[in-house]
Every structure is written in C-alpha cells, then in structure tokens.
Amino acid sequence: MQRRVYATAVRNENLVHSLEHGAVWIAYDPATIVGADLSSLQAVVTGQPYLVISPYPGLDRPISLQSWGHQLTLDRADDPRIAAFIRTLRANPSTHPEPGATCDAIPGAFDVANPPPFDPTPPGPDAVPME
C-alpha cells in the first residue's frame, strides 16, 4: 500500500500507476509550498495507506491532488477540501481500475529509496492525447 513522502520529484508514470491502484497523489510546487505548509501536507500522508506526496516543479497552482480520473488544484495547504478529496477517493473501489491491488507486490519494479527522476520533457510528437 503506497504511503510515501518523496523529497524529490518522481516520474509521472510511477505515480499514475499508484493512482491505478486507488492511491491519492498530493503534488506540490516546491517553490511555493515550504515550511509549515509542507509539513502539514506531509503529515496527512505519513503512516496512511494509499497516499503519496511529492514535489512537482512548475505547477500552475501550489497544490494538486490526483486520484484516478479526478484532480483538485488548490492554493493553500489548510484547505478543508484536501481531507474531503482523500476521504472520498482514496481506495474507493468504484473510482479506480484495480481495486484491491497494491504496488507493493512488484519486487524490484520500483525502488522507493531511489525513485526514477522526474522528467519535465513534454510528450513527443507521437504521443496520443487522452480524450
């Protein structure tokens, strides 16, 4: 069960895979979310299953919460919608494609101590947009 606090940005593909299994990913802009705001967001994730937090440089808003098919962008770490989003969508079997599965069962597929680095490169010309 994902419950990770990443200090560095991680590849989108890896975190989207967590969403497929029911996780909620809290992404934050490290240029604007610091100090007490960052600590409060990390405290939400620490020790809780199906929650992940990582920096995401260059976000349009300071905070972005994602679950499979849902996104909420916010300006403040104390926004009460953070708890509501997590309560409603985390591990909700009706809102993600692989209920009951975890990412923990894939040995060697993802080293949480040394995650693949974030790649800000836009998708290539052969990328197919999601409709």
Out of ARG61, ARG90, ARG11, ARG76, sole residue that is closer than 20 Å to ALA113 by Cβ and among the charged types (D, E, K, R): ARG11
Cβ-Cβ below 8 Å, separation at least six or inter-chain, first residue in the range 85-97 and among the small types (Gly, Ala, Ser) and at pLDDT below 95, second surrounded by fewer than 20 Cβ atoms within 10 Å (Cβ to Cβ) and not in a helix (DSSP H, G or I): which pairs? ALA91/PRO49; ALA91/PRO99
Within the range 30-76, residues in contact (Cβ under 8 Å) with a residue 12 or more places away in the chain, of a type in the set (S, T, N, Q) and under 14 Å from LEU15 (Cα atoms) come out as SER54, SER64, GLN66, SER67
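The values are calculated or read from the model by the stated rules, or taken from the named source; none is laboratory data. Quick caveat, the model's predicted, so the values are computed rather than measured. Reconstructed Cβ throughout: ideal geometry from the backbone, glycine too, with neighbour counts over all protein chains shown.
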